[in-house]
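Worksheet: one structure, shown below.
The values are calculated or read from the model by the stated rules, or taken from the named source; none is laboratory data. These figures come from a predicted structure and were not determined experimentally. Counting neighbours? That spans all protein chains shown, and the Cβs are built from the backbone with ideal geometry, glycine included.
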Amino acid sequence: MVCKALRRHRRRQLITAFAGWVALGFSGPSAAQDPATIARVKPSIVAIGTFERLRNPQFTFAGTGFAVGDGSFVATNEHVLPKIMDGERNETIAIAVRTSGGAVELRSAAKVASDSEADLAVLRIEGARLPPLALGDSAAVREGELFLLTGFPIGSVLGFFPVTHRAMIAAVTPIAIPSARAQQLDARTVRRLQAGTFYVFQLDGTAYPGNSGSPVYRPDSGEVIGIVNSVFVKGSKEAALTAPSGITYAIPSERLKALLQSAP
């Protein structure tokens, strides 16, 4: 009888502990507010590429961007933008915006500011202003915190429907670190070390081609604390690897705040 009573008592303890774990893990403010936050953020997300009227398709997708400032600006990675465009065919930078009716609207855009050291760029867009995302305090971010990122993974294949992933801050790490052997240093890493390193966010979520320029934001408020950037950062941090890792990185929003202030 004593053994049975003890087993029942232990079962009650386990059930109580499990219920508390469920409440803590799935019923907190962040989990409850994720859907509402995502719904607010999605209208600010745009696809970035180039437009050429006589080309098929006319719009060529390159990456993700999001509205900032007063809504007439879009932030993205500088490497998303073309280095050379076909002037004879009037190729221009463009964004694709999904309207409230579900249609995709193309708009012209122009680069008005850039930070090559952080691989960030700001575009001014034509047409009606978009709902801008607020830039949060990236200096307050701590390892272990959970965030969301929304963009267009493999957008040229999956279409321009914003996709959202969860990601934890796995580490706050320098954008470039000295290699153990000089043979592992390439020109890009040397330039990065000479220019002065800064810290970036290492995420445990996976970013795909097309996610470059996606905002990393707080699930409760939608405040942006980083901009997804794997291609540029991996070139500095993982130069010694023969193949890139699956690690995702993000540039802190403080760099974007400074860049946005310089935009005309």
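Taking Ala103, is it among the aliphatic types (A, V, I, L, M) and either in the same structural domain as Leu149 (by TED's automatic domain parsing) or in contact with a Ser or Thr (Cβ under 8 Å, 6 or more places away or on another chain) (or both)?
Details: among the aliphatic types (A, V, I, L, M): yes; either in the same structural domain as Leu149 (by TED's automatic domain parsing) or in contact with a Ser or Thr (Cβ under 8 Å, 6 or more places away or on another chain) (or both): no.
Taking the combined requirement at face value, the residue does not satisfy it.
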How do the pairs read when you match residues in the range 54-82 that are touching a residue at least 12 places away in the same chain (Cβ under 8 Å) with residues anywhere that are part of a loop (DSSP other than H, G, I, E, B) and among the aromatic types (Phe, Trp, Tyr), using Cβ under 6 Å and keeping only pairs 6 or more apart or on different chains?
Thr64/Phe152
Tell me whether the range 100-107 contains one or more residues that are closer than 28 Å to Arg55 by Cα and of a type in the set (Lys, Arg).
yes
Of all residues in the range 90-116, count the ones that are surrounded by 16 or more Cβ atoms within 10 Å (Cβ to Cβ), part of a loop (DSSP other than H, G, I, E, B) and under 22 Å from the mean Cα position of the chain (by Cα).
0
